[in-house]
There are 2 protein chains.
Amino acid sequence: MKAPINLTAALSRFDDVFRPRTVATLNDYKVMVVKVKGEFVWHGHPDTDDFFLVLDGRLTIQLREQDLELGPGDLYIVPRGMEHCPRSEEGAEVLLIDPQGTVNTGDAEPGRLTAPEQTL
Amino acid sequence: MKAPINLTAALSRFDDVFRPRTVATLNDYKVMVVKVKGEFVWHGHPDTDDFFLVLDGRLTIQLREQDLELGPGDLYIVPRGMEHCPRSEEGAEVLLIDPQGTVNTGDAEPGRLTAPEQTL
């Protein structure tokens, strides 16, 4: 990595939602930025925890037991295997970190929200 | 993890510098917040990349070849083995991510800046 990456600038380079862009790698993990608007799909990741840090806007992480409300600077790591469904009415910008190869829709049936791995 | 963690609130709970606090874990990685003021020590991590995301203030990551200047929202991942020395004149608040067991001073001689692992 030759220079720092500004996350706001990285997010300004695309508009589509639920399409994470990898901006850096940390060992065998991918560090991504994503825009969220609307509702994602219920899923879990049987093999990994799932890192969310809200950079802008407001994000709801729906769990089966409760809804978690996150704003800028709020971090939540969904435990391995726990079903969750992110949504945002007003829109949110989020930093995600997962092991390389982790599929965004996890164990849900692959569908239109299943994103290819994309490097910004 | 039962509830989201606000990183600003977490940082308001301590004042000492160069003493990372673990706020969450991502698989076998520790997610930490740290305050930086003054100069750290030159070191490398032979076994891991080293994740820095500036949350507030300004941080210089000195490398042997150049100085990198980071402000809020700037991410830099020091490649495995690369010698670096963080410093901040005005002070900075930073999110760090490293594998569990990673020593903050890396391969430098242990000294007064070598921090114990602390959970907030």
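May I ask you to list the lysines whose Cα is less than 26 Å away from that of A:Lys2, ignoring any residue fewer than eight positions away on the same chain?
A:Lys30, A:Lys35, B:Lys30, B:Lys35, B:Lys37
For a quick check of your reading of the filter: which trypsin sites (Lys or Arg not before Pro) in the range B:1-89 sit in a DSSP loop and have no more than 11 other Cβ atoms within 10 Å?
B:Lys2, B:Arg13, B:Arg64
Run through the DSSP bridge list for chain B and note the antiparallel percent, rounded to the nearest 5.
Expressed as a percentage, antiparallel bridges in chain B total about 95.
Run through every distinct alpha carbon pair of the protein assembly as shown and return the Kirkwood hydrodynamic radius in angstroms, one decimal place.
Result for the protein assembly as shown stands at 18.2 Å.
Mind checking the mean number of beta-carbon atoms from other chains within 10 Å of the Cβ atoms in A:19-26?
The shielding value for this peptide is 3.
Using a 7 Å offset from the Cα along the Cα-to-Cβ direction at both B:Met82 and A:Glu83, what is the distance between the two label points in nm, to one decimal?
4.3 nm
Which residue fluctuates the most in chain B, going by a Gaussian network model with Cα springs under 10 Å, if the choices are B:Gly106, B:Gly73, B:Gly81?
Of B:Gly106, B:Gly73, B:Gly81, the most mobile in the Gaussian network model is B:Gly73.
Pick from B:Leu63, B:Leu26, B:Leu53: which residue has the top mean-square fluctuation in a GNM of chain B where Cα pairs under 10 Å get a spring?
Ranking B:Leu63, B:Leu26, B:Leu53 by mean-square fluctuation puts B:Leu26 first.
Within the range B:28-69, name every residue whose backbone N is under 18 Å away from a label modeled 7 Å from Cα of B:Asp15 along the Cβ vector.
Only B:34-38 fall inside the zone, counting backbone N under 18 Å.
Remind me, relative contact order of chain B in percent, using alpha carbon pairs under 8 angstrom and six or more residues apart?
Values: 274 pairs, mean separation 39.0, N = 120.
Once divided by the residue count of chain B, the mean separation gives 33 percent.
Report, in debye and to the nearest 20, how large the dipole of the protein assembly as shown comes out about its Cα centre when Lys and Arg carry +1 and Asp and Glu carry -1 on their Cβ.
Values: 24 positive and 40 negative charges, 34 e Å.
The calculated dipole for the protein assembly as shown is roughly 160 debye.
Give a quick list of GluC sites (Glu not before Pro) in the range B:25-120 that DSSP marks as loop, anything other than H, G, I, E or B, with at most 13 other Cβ atoms within 10 Å.
Taking the range B:25-120 and a limit of 13 other Cβ atoms within 10 Å, the loop GluC sites (Glu not before Pro) found are B:Glu65.
Read-outs throughout are calculated quantities, based only on the coordinates presented, and are distinct from any laboratory measurement. Everything numeric here is computed off the predicted structure, so don't read it as measured data. Note: ideal-geometry Cβ built from the backbone for every residue, glycine included; neighbour counts use all protein chains shown.
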